[in-house]
Amino acid sequence: MTFDVATFTSLWLITFLCCALITTALSRMFAQVAAFRFWAVAFFLNAASAACVVAHVTWQNDTLLVLAATFALQYRLLIWMGLRKLLGVVAPWRTGLALTLLFCALHASALAFPAPVLLRAILLALFFLPCRIGTLYEVWRPRRANVGPARSIAMIGGAIASVNTIVPFVLALLDRSNLSLLLGNPRTTSALYAIVFAGDLLLASGLIVFAFKLLSVERNMLATLDRSASAQLAASRALRALRRPRDTLAHVYGHHEGITHPQPLTWTI
């Protein structure tokens, strides 16, 4: 097998389609974790973006490039919003939808009216980079303990993915626009594509492990609280059981001591 751009695109499509199926199954198994639903949709969109890139090689239609870039942006937004939901933070999905529509319109306009390659690269970096930085920031914040390895995997993948976001901009500055992943049809960038693929794959696997680790930590905390509450309840019951005989004896003795004899009635005339 030749590891060229077409091969990595096919691997990208198959891998993230499998990730989408796995997270869909996890969202049904762990219905209380809303992040799995966000990530399942995100992985489906990422696979759809790769499919659009593959289709563009055959049909050479700018609409496919717009769809690929739009799906890629939605994928990054949903990954970030799912992570925020996992950490108990509000996910601004309405704002994300508005940003997606704005990006779609701007990117379509840049292709319809042939804009400079540098301008299109700036457009990609302007919309894609904040999503990656937001994801990396949410993973980096030490909100939970005992999630070191999972956080490390997600941080490495997030860092690679964040750097990859500005690759089109750097290539445009170097006047190598034909090598960009979303600005055209890549033909000689298999090594670069492999790094991008590895970054997204590490981020996806790291986030899934991170979610399971958080679930494990929270369940251990709940189990500890449950054991503590059970121990306190058992101690309280034992204390009441010890007090009950004394209260009964005190009630009996107090009842005998408090008996009063009736006094004879006296009549006064």
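Read-outs throughout are calculated quantities, based only on the coordinates presented, and are distinct from any laboratory measurement. Keep in mind it's a predicted model, so treat the numbers as computed, not measured. Cβ sites come from the backbone with ideal geometry, for glycine too, and all protein chains shown count toward neighbours.
Note on Leu242 and Thr7: the extension gain reaches 77.0 nm, defined as 0.36 nm multiplied by sequence separation minus the Cα-Cα distance. Taking packing as the residue-averaged number of other Cβ atoms within 10 angstrom, the listed peptides 64-71, 27-34, 103-110 run from highest to lowest as 64-71, 103-110, 27-34. Of Ala51, Ala108, Leu129, which is farthest along the charge dipole of the range 1-143 in the positive direction, counting Lys and Arg as +1 and Asp and Glu as -1 at C-beta? Highest projection toward the positive end goes to Leu129.
Going by neighbour counts of Cβ atoms within 10 Å, the residues Val53, Val90, Val117, Val170 line up, fewest first, as Val90, Val170, Val117, Val53. Counted residue by residue at 0.36 nm each, then reduced by the alpha carbon distance between them, the extension gain from Ile14 to Ala112 reaches 32.2 nm.
The order of Thr165, Thr23, Thr7, going from fewest to most other C-beta atoms within 10 Å of their C-beta, is Thr7, Thr165, Thr23. Cβ crowding within 10 Å, taken as a proxy for footprinting-reagent exposure, orders Arg94, Arg120 from fewest neighbours to most as Arg94, Arg120.
Once the convex hull of the C-alpha atoms of the range 1-130 is built, how many Å³ does it hold per residue, rounded to a whole number? Before the final figure, lay out each step's value.
Working: hull volume 15.1 nm³, N = 130.
Hull volume over Cα atoms, normalised by residue count, gives 116 Å³.
Taking θ as phi - 60° and the Karplus parameters 6.51, -1.76 and 1.60, the scalar couplings of the range 123-131 work out to 4, 5, 5, 5, 9, 7, 4, x, 5 Hz in sequence order, x denoting glycine and proline.
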